[in-house]
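Worksheet: the structure to be examined is printed underneath.
Read the figures in this text as sums done on the coordinates, not as results from a lab. Note that the structure is predicted; figures quoted are calculated from it, not measured. Cβ atoms come from the backbone with ideal geometry, glycine included; neighbour counts cover every protein chain shown.
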Amino acid sequence: MAVTINTLREYKQKGEAFSALTSYDATFAQIVSEAGVDVILIGDSLGMVLQGNDSTLPVTMDEIVYHTSCVAKGNRGSLIMADMPFMSYGTVEAALENAAELMRAGAHMVKLEGTDWMKDTIEALSERGVPVCAHLGLTPQFVNKFGGYKVQGRDEKAAELMIEHACELVEAGADVILLECVPAPLAARITQAVRAPVIGIGAGADTDGQVLVVHDMLGLTTGRKPRFVKNFLAETDSVQNAIKAYVEQVRNRTFPAEEHTFKA
Ligand code: KIV
């Protein structure tokens, strides 16, 4: 049966962890989907892993639309989440127009990076039938404001603010929250505080779901390997089995382990 937003809500209610992975083409989408991954993310990380840029900022709408349509053809029942690229949701009008394009290309949900300033946009999208994932914490489109790729929410004031933002965005209509690079205790507090499913990357084992960039979990990271990355191909004999191992280890919460987690 196809995964929908209701499936993710049921996982949260039952306390069962679910998995997400990026894919950018039909072949990987099929492999990932057939391995039992619940959510496929067409991440703007493609700007780095496919295009070789040093950030996600150069990625365009046309590029995400193209990769979303490729993924949709290979997908075998996972929920397809497409990233809205940098500045494609700078105004509510732009967000509506661009989200519509991604949904027409085959997305079931769009993902936006930001905080409370996105409330009106999320409300407008949600009211018009576009499910939304709100990405908080280390939001790579803000790398120039952060001054680098740094763990977010480390002090109590920042942690409280992130909890407040997550609650406000869910209230505005966000169906899913994604937390990137936040201390595990904070991610656990946010997961408890919101009714929406929470997906983590570098956010510890207590979120409702986990996501990784597929290149990273297959050991294809070029440059510095982030702490939260595990090479699942090193334990198995094929890409398919590596992805199955990821699904299994997320499900039984053996991934992420302590060594992949930021404690504070
Ligand atoms: O672009 C992406 O792949 C992402 C994940 C790192 C969550 O946003």
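So for the chain, averaging the separation of alpha carbon pairs under 8 Å that are six or more residues apart and normalising by length, what relative contact order in percent results?
Values: 548 pairs, mean separation 48.2, N = 264.
It comes to 18 percent, rounded to a whole number.
Let a ≥ b ≥ c be the square roots of the eigenvalues of the Cα gyration tensor of segment 46-125; is it rounded (a/c under 1.5), or, if not, prolate (a/b larger than b/c) or oblate?
Numbers: a/c = 1.96, a/b = 1.20, b/c = 1.64.
Judged from the Cα gyration tensor, segment 46-125 comes out oblate (a/c at least 1.5, b/c at or above a/b).
Arrange the peptides 197-206, 60-69, 228-237 so that the one whose residues have, on average, the most other Cβ atoms within 10 Å appears first. Write down the numbers at each step before the final one.
Numbers: 197-206: 25.8, 60-69: 18.7, 228-237: 15.8.
Listed from highest to lowest mean packing, they are 197-206, 60-69, 228-237.
Tell me whether segment 179-244 comes out rounded, prolate or oblate; compute the Cα gyration tensor, take square roots of the eigenvalues as a ≥ b ≥ c, and use a/c under 1.5 as the rounded threshold.
Numbers: a/c = 3.18, a/b = 1.92, b/c = 1.65.
Prolate is the answer for segment 179-244, as a/c is 1.5 or above and a/b outweighs b/c.
Run the dipole for the chain about the Cα centre, Lys and Arg Cβ at +1, Asp and Glu Cβ at -1, nothing else charged, and hand back the magnitude in debye, nearest 20. Each step should come with its number before you reach the end.
Details: 23 positive and 34 negative charges, 118 e Å.
So the magnitude is around 560 debye.
Quick one: net charge of Ile201's neighbours, Cβ under 10 Å, K/R +1, D/E -1?
Numbers: positive: none; negative: Glu180, Asp216.
So the environment of Ile201 carries a net charge of -2.
Can you give the three extents of the C-alpha atoms in the chain along their principal axes, from longest to shortest, in whole Å?
47, 41, 38
Is it possible to state the helix-based mean residue ellipticity at 222 nm for the chain, with each DSSP H run of 4+ residues giving -39500 (n - 2.57), the sum divided by total residues, to the nearest 500 deg cm²/dmol? What is it?
Working: 11 runs with 107 residues, N = 264.
Result for the chain: -12000 deg cm²/dmol, rounded to the nearest 500.
What net charge do the residues around Ala245 carry, taking every other residue with its C-beta under 11 Å from that of Ala245, with Lys and Arg at +1 and Asp and Glu at -1? Display every interim value, and only then the final one.
Numbers: positive: Lys230, Lys244, Arg251; negative: Glu235, Asp237, Glu248.
With Lys, Arg at +1 and Asp, Glu at -1, the neighbours total 0.
Tell me the net charge near Leu96. Cut-off is 13 Å between Cβ atoms, Leu96 excluded, with +1 for each Lys or Arg and -1 for each Asp or Glu.
Values: positive: Arg104, Arg128; negative: Glu93, Glu97, Glu101, Asp120, Glu123, Glu127.
Charge balance in the 13 Å sphere: -4.
For segment 1-145, calculate the relative contact order in percent as a whole number, restricting contacts to Cα pairs under 8 Å that are 6 or more residues apart.
On the way: 249 pairs, mean separation 30.6, N = 145.
Here the relative contact order equals 21 percent.
Pick out, in residue order, every one of the trypsin sites (Lys or Arg not before Pro) in segment 1-81 that is DSSP loop and has at most 15 other C-beta atoms within 10 Å; say none if there are none. Show your work: numbers first, answer last.
Values: sites: Arg9, Lys12, Lys14, Lys73, Arg76; in loops: Arg76.
Sparse-neighbourhood loop trypsin sites (Lys or Arg not before Pro): Arg76.
From the square roots a ≥ b ≥ c of the eigenvalues of the alpha-carbon gyration tensor of segment 123-264, which class results: rounded (a/c under 1.5), prolate (a/b over b/c), or oblate?
Values: a/c = 1.77, a/b = 1.47, b/c = 1.20.
Cα axes put segment 123-264 in the prolate bin.
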